[in-house]
Each structure stands twice: as structure tokens, then as C-alpha cells.
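Okay, so here's the structure we're looking at.
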Amino acid sequence: MKRSITKDQIKATVEEAYNECKGIEGGVNAHYIPYLANVDSNLFGISVTLPTGETFGFGDTEYRFGIESVSKVPTAILAMRQLGPQAVLKQIGADATGLPFNSIFAILLENDHPSTPLVNAGAISACSMITPKGDADSKWKAITDNITDMCGSAPLLIDELYKSESETNFNNRAIAWLLKNYNRIYDDVAMSLDLYTRQCSLGITTSQLAVMAATIASGGYNPLTKRQIFDKDISAKVTSLIATVGFYEHTGDWLYTSGIPAKSGVGGGVLGVLPGKLGIAAFAPPLDDAGNSVKAQAAVKSVISRLGLGIFESDEVEIV
């Protein structure tokens with residue numbers, strides 16, 4: 001069946017979802033990173049960006065929060081832009097682990113493979129792949145320029161978060177050296193780990209994340225800046241990664257109940273990609289036991305459910 005949804009309907013639905021979910025309780029801030037533990041747990045925002053560039057946002061959509069693991073998405077895209085999707089598949093992989101995002105055991109189970117660039121091991125490996133090799137400053141510029149391209153505006157490093165992350169990333173240090181042992185780090189180990197830690201410490205807004213999501217949903221075309229940022233085939237590849245591992249060990253439950261590929265971060269952000277339709281982002285700090293924002297999940301689900309826009313829906317939907 002073919003049906004149409006108006007932009008006014010989408011805006012009204014986003015507002016309804018915000019009002020419906022703002023009172024939700026439950027979850028706790030990421031307590032193992034001191035900076036995140038102290039973020040106001042009442043903050044909440046939701047934003048949608050359409051392929052036309054129009055954005056509808058409600059709540060704390062301009063608050064800069066730690067991007068954390070959502071940063072794995074643009075860096076995976078950057079590695080594909082620089083080296084091609086096949087290189088990422090060969091050197092990292094594309095399999096979901098079914099285990100926590102920071103699992104060391106997953107590396108051993110995968111026979112020395114990082115599995116996917118959307119878990120910690122694969123993301124550290126992806127940072128090591130970014131060119132030019134051996135040049136931390138140029139690599140960092142490439143990472144942040146890529147995020148700026150996708151968002152249409154620049155992220156800002158949260159120095160206090162970066163310090164907090166660097167002082168507590170013991171598990172990631174173990175991951176990095178284990179990967180080095182298996183020849184899955186492709187540059188200096190300490191540099192690669194630091195780049196990953198820094199990118200996770202970038203401050204991003206819900207509005208920016210919605211534009212990033214819309215850029216992926218639009219085949220690499222940024223609807224805000226009207227620029228083609230990366231090839232269309234990369235968009236399809238990264239969306240498949242998001243769909244299979246975006247919520248870590250809860251990914252199957254998430255996709256089953258929401259119908260939208262989405263990537264979470266322990267800073268409280270969620271980025272959702274509905275190919276050809278829209279990008280959506282939500283933010284609220286309290287997390288469930290897998291590290292996914294309780295309130296942001298509920299808000300994204302509410303929007304997609306109310307609009308009937310899940311990727312597995314049989315209706316052909318046009319936004320007018």
C-alpha cells in the first residue's frame with residue numbers, strides 16, 4: 001500500500017514523542033567515567049532531519065554531550081572513504097559479537113578479529129587505519145573534518161571528558177595491546193588508542209547528530225550543506241553495520257521493537273538512520289544495563305511507531 005506523510009505530521013509526531021517520553025524514569029548515568037556520571041540526568045532532546053534539510057527538534061537539542069560510541073559510525077565511514085569498504089571488511093570485519101561493547105573475550109572468540117568497527121576493539125583498529133600513517137595531528141584533523149562534513153558544523157572536544165576518559169580507559173588499553181598481538185592494529189598502538197579516546201570525548205548536539213543521521217540516510221548527501229560527503233555504497237555498508245550491532249547485545253531486541261537501525265553511546269546519545277526517509281537523534285544520560293539511553297530509545301521508538309516508518313514495513317511511504 002502506498003501512503004503519504006506530511007512534514008507537519010512528522011513535526012507534530014516528534015513533539016508528541018518528546019512530551020510522552022520526557023517523564024520517563026529509570027537507568028543511571030555512565031558511572032565508570034567521572035565526567036559522564038555528573039551530567040544532569042534530566043537533560044533530554046530529540047531531533048529529526050529530513051532529506052530536504054528541514055529539522056524538527058524539541059528539548060535540549062543544542063546541549064553538547066559526549067558523543068562516545070556514536071563516534072564509531074563516522075570513523076568507520078572515514079576508513080571506508082579513505083581505503084574502501086572492502087579494506088574495512090578484511091582488516092576489521094562486519095560481524096556482531098553479541099557481547100558487551102568493550103568485550104575482550106569477543107576478540108578471542110573471533111580468532112583474533114576485531115569483529116566490527118562499531119565495538120571498541122574494531123573502533124580502535126579503525127582509528128589505526130586512518131591515514132596518513134604515523135601522523136597523529138593529521139589523523140585527528142581527518143576524523144574531526146569528517147564529522148564536521150557529516151553534521152554541517154563542527155564538534156568540540158570536551159577537555160574534561162577527554163581527561164576523564166584517558167585516566168580510566170584501562171580496559172581499552174588491554175584491547176589495544178591484544179589487537180597489536182594479533183596484528184590488528186595498523187599504526188602506533190598508543191596513538192590509535194588516544195585517537196579513539198579523543199573522538200569519544202567530542203561534544204556533539206542532538207541537532208548535529210540528526211543531520212549526521214540524515215546524511216547517511218540520504219546516501220552520503222548532507223541535506224543541510226547540499227554536499228555529497230561520501231559515496232552512496234558506503235551509506236548502505238555503514239547502515240548494515242548499525243543495524244547489526246548498534247545496540248550491542250540488545251541490538252536484536254532493538255531492531256525487532258523499533259524497526260530502525262540505530263547506534264547508541266554511553267554519553268546518552270542515539271543516532272537512527274531510516275534510509276531515504278530521515279535521520280533521527282535523541283539524547284538523555286541515564287542508561288540501561290547495556291549502555292543504551294533509556295529515554296532516548298523510547299523517544300526514537302515512539303516516533304517511528306507513530307509514523308509507521310520501520311524499515312521492515314511493507315507500505316511504500318512518501319514524505320510530502
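The values are calculated or read from the model by the stated rules, or taken from the named source; none is laboratory data. In this text, all values refer to a predicted model and were calculated from it rather than measured experimentally. Using ideal geometry, Cβ is built from the backbone for each residue, glycine included, and neighbour counts are taken over all protein chains shown.
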Quiz prompt | Residues satisfying the stated conditions in the stretch 272-293, i.e. under 15 Å from residue 56 (Cα atoms) and surrounded by fewer than 24 Cβ atoms within 10 Å (Cβ to Cβ) | solution = 277
Quiz item: Take the residues of the stretch 7-61 that are of a type in the set (Phe, Trp, Tyr) and over 19 Å from the mean Cα position of the chain (by Cα): which is nearest to residue 291 (Cα to Cα)?
Solution: 32
Quiz item: Mind checking which residues of the stretch 149-172 are under 20 Å from the mean Cα position of the chain (by Cα), buried (at least 18 other Cβ atoms within 10 Å of the Cβ) and not hydrophobic (A, V, I, L, M, F, W, C)?
Solution: 149, 152, 155, 162, 165, 169, 172
Practice problem: For the stretch 80-91, enumerate the residues that are assigned to a helix (DSSP H, G or I) and farther than 16 Å from residue 273 by Cβ. | Solution: 81, 82, 83, 85, 86, 87, 88, 89, 90, 91
Quiz item: How do the pairs read when you match residues in the stretch 149-168 that are in contact (Cβ under 8 Å) with a residue 12 or more places away in the chain and at negative phi with residues anywhere that are hydrophobic (A, V, I, L, M, F, W, C) and part of a strand (DSSP E or B), using Cβ under 6 Å and keeping only pairs 6 or more apart or on different chains?
Solution: 155/202; 155/204; 157/202
Practice problem: With respect to residue 296, determine if the residue is in a strand (DSSP E or B), modelled with pLDDT of 95 or more, in contact with a Cys (Cβ under 9 Å, 6 or more places away or on another chain) and crowded, with 24+ Cβ neighbours inside 10 Å. | Solution: no
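Give 269, 246 a once-over and let me know the one that is crowded, with 24+ Cβ neighbours inside 10 Å, at negative phi, modelled with pLDDT of 95 or more and among the small types (Gly, Ala, Ser). Break it down into steps so the answer makes sense when it comes.
Details: 246 fails: modelled with pLDDT of 95 or more.
Only one candidate qualifies: 269.
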Quiz item: Only one of 246, 252 is of a type in the set (Gly, Ala, Ser) and over 30 Å from residue 160 (Cα atoms); which?
Solution: 252
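Per-residue answers, yes or no, for (1) surrounded by 24 or more Cβ atoms within 10 Å (Cβ to Cβ); (2) closer than 15 Å to residue 263 by Cβ:
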{"residue": "179", "(1), (2)": "yes, no"}
{"residue": "186", "(1), (2)": "no, no"}
{"residue": "204", "(1), (2)": "yes, yes"}
{"residue": "222", "(1), (2)": "no, no"}
Exercise. Could you check, for the stretch 29-36, whether at least one of its residues is touching a helix residue (DSSP H, G or I) at 6+ places or on another chain (Cβ under 9 Å), surrounded by fewer than 24 Cβ atoms within 10 Å (Cβ to Cβ) and modelled with pLDDT of 95 or more?
Key: yes
